[in-house]
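Data block below; observations after.
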Amino acid sequence: KQFAADKNSLAGMILVDGGKGHVNAALTVLSKLSLDVPVVGAVKPRGKHGDISHFLTSDGRRIDFDPSSAAMRVLKLLRDEAHDLANAAHGQSRDMAHFYELAGILPSLNEKERQILLARFGSIRKITEAGAEKIAVVIGSDLHDAIAADLKNFKNGRSKKNLALIVPVRYDDPNGLAGDLRPIKSAN
C-alpha cells in the first residue's frame with residue numbers, strides 16, 4: 001500500500017520499548033515506507049522491567065540513562081505511559097475475545113441472532129453441537145443453508161478468527177467525557 005504523509009508532519013523521533021531488535025524492526029518498517037525518522041530504543045536492565053538502563057540510537061550508539069536529566073525522565077515517562085496503555089489494550093483484547101468467538105463460527109448471523117442462540121442453547125459448544133437444523137428452528141429456516149455452511153467451515157477449521165477491537169482510552173471520568181482526558185503528569 002502507498003503511504004502518503006506530509007514530511008513536515010512526521011515525528012521528530014520514534015521511541016520504542018526495547019533494544020537492538022526492536023529498533024531494527026522499526027527502522028525496517030520506516031525504510032519500506034521511505035521515511036527517514038530517527039529511532040531510539042529504551043533498553044531495560046536485566047530483571048528490572050520498569051526501569052531503563054540506557055537508550056540505543058538508530059546508528060547503534062548507547063546513551064546511559066541519567067535520572068537527573070529532565071529530557072531522559074520525559075522519555076522514560078512516555079515509554080511508561082505507552083507500556084501501560086499497551087498492556088491494558090492487550091488485557092482487554094484477551095478478556096473480550098470470547099465475545100467474538102461465536103461471530104467467527106456463525107458469520108452469516110447478526111449479533112442479535114447470535115445472542116438469541118446463546119440464550120437458547122447456553123454455550124457456544126452446545127450451539128455448534130446442535131447443528132443447522134436446530135439452529136434454523138430458533139433463528140429462521142431461511143438461514144439454514146448459510147448456517148450449515150458456517151458450521152461446516154467451523155468443523156473443518158476454516159472459520160475466521162474475529163479479533164476484538166479494543167480502543168483503550170484513558171479517562172478519569174467514569175462517564176468518559178472527552179474533557180476529562182487524564183494528561184501525562186510531569187516527571188519532576
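The values are calculated or read from the model by the stated rules, or taken from the named source; none is laboratory data. Because the structure is a prediction, the values reported are computed rather than measured. All Cβ positions, glycine included, derive from the backbone under ideal geometry; neighbour counts span all protein chains shown. Just so you know, the surface numbers come from the protein's heavy atoms only, side chains and all, with ligands and any DNA or RNA stripped out. Shrake-Rupley method; radii C 1.70, N 1.55, O 1.52, S 1.80 Å.
Looking at the range 78-99, which of the residues that are over 12 Å from the mean Cα position of the chain (by Cα), modelled with pLDDT of 80 or more and open to solvent by 70 Å² or more (accessible area, probe 1.4 Å) is nearest to LYS161 (Cα to Cα)?
Taking the candidates together, the pick is ASP84.
Which condition from (1) open to solvent by less than 90 Å² (accessible area, probe 1.4 Å); (2) modelled with pLDDT under 90 is the one that ASN188 breaks?
That leaves (1) as the condition not met.
Could you list, in sequence order, all residues of the range 137-156 that are assigned to a helix (DSSP H, G or I) and open to solvent by 70 Å² or more (accessible area, probe 1.4 Å)?
Initially, the range 137-156 is screened for residues assigned to a helix (DSSP H, G or I), giving 137-139, 141-155.
Correct list: VAL137, SER141, ASP142, ASP145, LYS152, PHE154, LYS155.
Are any residues in the range 34-43 touching a strand residue (DSSP E or B) at 6+ places or on another chain (Cβ under 9 Å) and aliphatic (A, V, I, L, M), and if so, which ones? Please lay out each step first, then the result.
Within the range 34-43, the subset touching a strand residue (DSSP E or B) at 6+ places or on another chain (Cβ under 9 Å) is 37-43.
Listed by number, the residues that qualify are VAL37, VAL39, VAL40, ALA42, VAL43.
Which condition breaks for GLY131 when tested against (1) surrounded by 12 or more Cβ atoms within 10 Å (Cβ to Cβ); (2) at positive phi; (3) without any contact (Cβ under 8 Å) to a residue 12 or more places away in the chain?
Of the numbered conditions (1) surrounded by 12 or more Cβ atoms within 10 Å (Cβ to Cβ); (2) at positive phi; (3) without any contact (Cβ under 8 Å) to a residue 12 or more places away in the chain, the odd one out for GLY131 is (3).
Here is a yes/no grid of residues against (1) open to solvent by 60 Å² or more (accessible area, probe 1.4 Å); (2) touching a strand residue (DSSP E or B) at 6+ places or on another chain (Cβ under 7 Å); (3) of a type in the set (S, T, N, Q):
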site	(1), (2), (3)
VAL23	no, yes, no
ALA26	no, yes, no
LYS32	yes, no, no
PRO45	no, no, no
LYS48	yes, no, no
SER53	no, yes, yes
LEU56	no, yes, no
ASP59	yes, no, no
ALA71	yes, no, no
